[in-house]
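Take a look at the structure below.
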Amino acid sequence: MFILLLLGTTCALHCYLWFRLVRGTTAPRTAWRRLGTVLVSAGPALIAIVLIGGRNGLPFELVRILAWPAYLWLALVVYLTLALIAGEFVRPVLLRWLRRRDARRQVARRAPAAEPVTVGAAASGDTPAAAPAAPRPDGRDKSGPSDPSRRRFVARLVAGTATAVAAGTVGYGTYGVLRGPSVRRVTVPLAKLPRSAHGFRIALVSDIHLGAVLGRGFAEKVVATVNATQPDLIAVVGDLADGSVADLRSAAEPLAGLRARHGAYFVTGNHEYFSGAEEWTRYVQELGLRLLANERVELPAFDLAGVNDVTGEFYGDGPDFAAALGDRDPARASVLLAHQPIVIHEAVRHGVDLQLSGHTHGGQLWPVNHLAALVNPTVAGLDRYGDTYLYVTRGAGAWGPPTRVAAPSDVTVVELASTQA
């Protein structure tokens with residue numbers, strides 16, 4: 001349903017883009033209009049092939065070839081649309097200014113030059129010829145630019161500016177993703193954490209989204225970033241990959257190099273279920289990550305629990321908070337790994353001290369963050385619900401377009417602080 005909604009919205013936006021970028025800037029029945037129509041029409045088709053064909057047997061190598069132009073075009077559509085909508089407010093102002101400017105020019109051009117009157121002319125009673133009538137104030141004089149030509153000029157100016165702004169935004173946002181995630185640091189005070197564990201560091205990684213665009217090289221950057229923080233524990237909270245293990249085995253292989261004193265742990269995200277959760281959970285364990293599938297492990301200073309993603313409910317493999325958190329010592333501090341922040345209320349009911357999540361990407365493409373806030377209790381950062389802290393990372397990678405705008409990717413080092421220290 002999400003993909004169908006995305007494609008429907010994309011098609012509607014392309015109709016608007018054609019109207020403003022092609023119809024408004026080119027003359028009818030010209031090669032430029034035909035070329036523009038073909039290019040704009042190809043966009044939704046290419047996106048549909050990648051999104052639907054990739055899930056229905058299209059060869060992965062072909063998907064990899066098509067994914068780059070399809071996803072970058074999808075991101076470009078977002079910012080072209082926003083820039084053109086902003087241009088709707090500028091367009092009438094420019095047209096009005098051009099009409100008035102042209103009217104003034106026509107008046108100045110048709111005004112008669114001041115000529116001296118000779119004595120002979122005055123004696124004979126000759127008078128200068130009457131000046132031609134001034135042009136219409138709306139500038140639609142036949143000797144000046146026509147209104148359609150002005151409209152096309154303004155359309156081209158707005159379209160060119162919108163294209164430059166959109167391309168620059170997408171280019172910079174793509175560079176931000178491909179260079180790898182930055183490191184964010186946050187300190188969370190836990191009343192139950194013993195003094196001996198003060199300063200315990202958890203490297204939180206989510207939403208790497210290895211697939212047709214982000215591959216092995218990107219995974220190596222993520223691993224290098226995580227290891228450079230020298231964490232005590234690594235938590236990978238879902239959405240590792242978009243695709244099957246068969247296609248992405250090599251891309252995910254660098255995760256075997258994750259290093260932490262207390263090891264690396266993994267919980268499923270919604271994209272694991274779209275890509276074959278059983279195969280992926282088996283493979284991450286082969287890579288050396290410990291799977292927390294509705295279970296917990298008692299570390300020396302606190303309990304670390306993990307639950308399956310809520311999407312697993314559609315596959316008979318949903319979260320089980322009782323299995324993960326039941327029968328534990330409530331006097332011990334507890335940290336819960338859960339892909340989606342929406343389960344925070346269950347975490348509160350089970351007395352969790354800190355929940356670590358991802359999933360939202362921080363919105364990934366502004367202004368999508370405002371939409372994400374409608375369905376997630378926290379889009380990014382640290383919040384508190386009752387006695388439970390919730391931290392949501394923006395994630396290390398990107399889904400779909402390898403582009404982020406106003407939502408930079410990150411690996412977060414969560415430092416636990418004992419209030420007893």
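Before moving on, here are some points about what is shown:
- In the set Ala70, Ala48, Ala27, Ala42, only one residue is of a type in the set (A, V, I, L, M) and surrounded by fewer than 14 Cβ atoms within 10 Å (Cβ to Cβ); that residue is Ala27.
- Number of positions in region 292-324 that are part of a helix (DSSP H, G or I) and either surrounded by fewer than 21 Cβ atoms within 10 Å (Cβ to Cβ) or aliphatic (A, V, I, L, M) (or both): 8
- Against the conditions (1) exposed (fewer than 15 other Cβ atoms within 10 Å of the Cβ); (2) in contact with a Lys or Arg (Cβ under 9 Å, 6 or more places away or on another chain), Arg195 satisfies every one except (2).
- Selection status of Leu80, crowded, with 19+ Cβ neighbours inside 10 Å, aliphatic (A, V, I, L, M), more than 24 Å from Gly243 (Cα to Cα) and not assigned by TED's automatic domain parsing to the domain that holds Ser244: yes
- Some residue of region 352-368 being in contact with a helix residue (DSSP H, G or I) (Cβ under 7 Å, 6 or more places away or on another chain) and surrounded by fewer than 23 Cβ atoms within 10 Å (Cβ to Cβ): yes
- When the criteria are applied in full, Ala396 fails the requirement of being in the same structural domain as Gly276 (by TED's automatic domain parsing) and in contact with a Leu (Cβ under 9 Å, 6 or more places away or on another chain).
- When region 238-290 is filtered for residues that are acidic (Asp, Glu) and farther than 22 Å from Val392 by Cα, the ones remaining, listed by number, are Asp247, Glu253, Glu278, Glu279, Glu286.
- Residue within region 325-345 that is touching an Asp or Glu at 6+ places or on another chain (Cβ under 7 Å) and surrounded by fewer than 19 Cβ atoms within 10 Å (Cβ to Cβ) present: yes
Per-residue answers, yes or no, for (1) assigned to a loop (DSSP other than H, G, I, E, B); (2) more than 30 Å from Ser149 (Cα to Cα):
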| position | (1), (2) |
| --- | --- |
| Cys15 | no, no |
| Arg29 | yes, no |
| Ile49 | no, yes |
| Leu76 | no, no |
| Val90 | no, no |
| Trp97 | no, no |
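- Qualifying residue in region 386-402 (condition: within 16 Å of the chain's Cα centre (by Cα), loosely packed, with under 15 Cβ neighbours inside 10 Å and either part of a loop (DSSP other than H, G, I, E, B) or modelled with pLDDT under 95 (or both)): no
The values are calculated or read from the model by the stated rules, or taken from the named source; none is laboratory data. In this text the structure is predicted, and so the values were computed from the model without any measurement. Virtual Cβ from ideal backbone geometry, glycine too; neighbours counted across all protein chains shown.
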